[in-house]
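To start, the structure itself, in structure tokens.
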Amino acid sequence: MNTQNGRVESFCWLQFEHFLPTNKMDYDYKMDRSVKVGDLNFIYDVKTYFDYPV
């Protein structure tokens, strides 16, 4: 946050999703962008908005 004008200059959102063991559904995401952290594979997406309304 910019302390001079009180506006947020950058924002980072992390979201983790996982189904409960009793749920038989699964995701159908393309694995075109993934990263391995330890033994786990994570799909990631990055978006930038320059014209987000103020």
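The values are calculated or read from the model by the stated rules, or taken from the named source; none is laboratory data. Note that this is a predicted model, so its numbers are computed, not measured. Backbone-built Cβ (ideal geometry, glycine too); neighbour counts: all protein chains shown.
Pairs meeting the criteria (first residue in region 16-31 and closer than 19 Å to residue 42 by Cβ, second residue charged (D, E, K, R) and in a loop (DSSP other than H, G, I, E, B), beta carbons under 8 Å, at least 6 apart or on different chains) are 19/26; 27/17. Just so you know, in region 39-53 the residues that are under 15 Å from the mean Cα position of the chain (by Cα) and of a type outside the set (Asp, Glu) include one that is surrounded by the most Cβ atoms within 10 Å (Cβ to Cβ), and it is 43.
Looking at region 23-38, can you tell me whether even one residue there is at pLDDT 80 or above, surrounded by fewer than 10 Cβ atoms within 10 Å (Cβ to Cβ) and at positive phi? Yes: one or more hits. From the list 47, 36, the lone residue that is without any contact (Cβ under 8 Å) to a residue 12 or more places away in the chain and part of a strand (DSSP E or B) is 36.
For region 12-36, residues that are of a type in the set (Val, Ile, Thr) and farther than 20 Å from residue 48 by Cα total 1.
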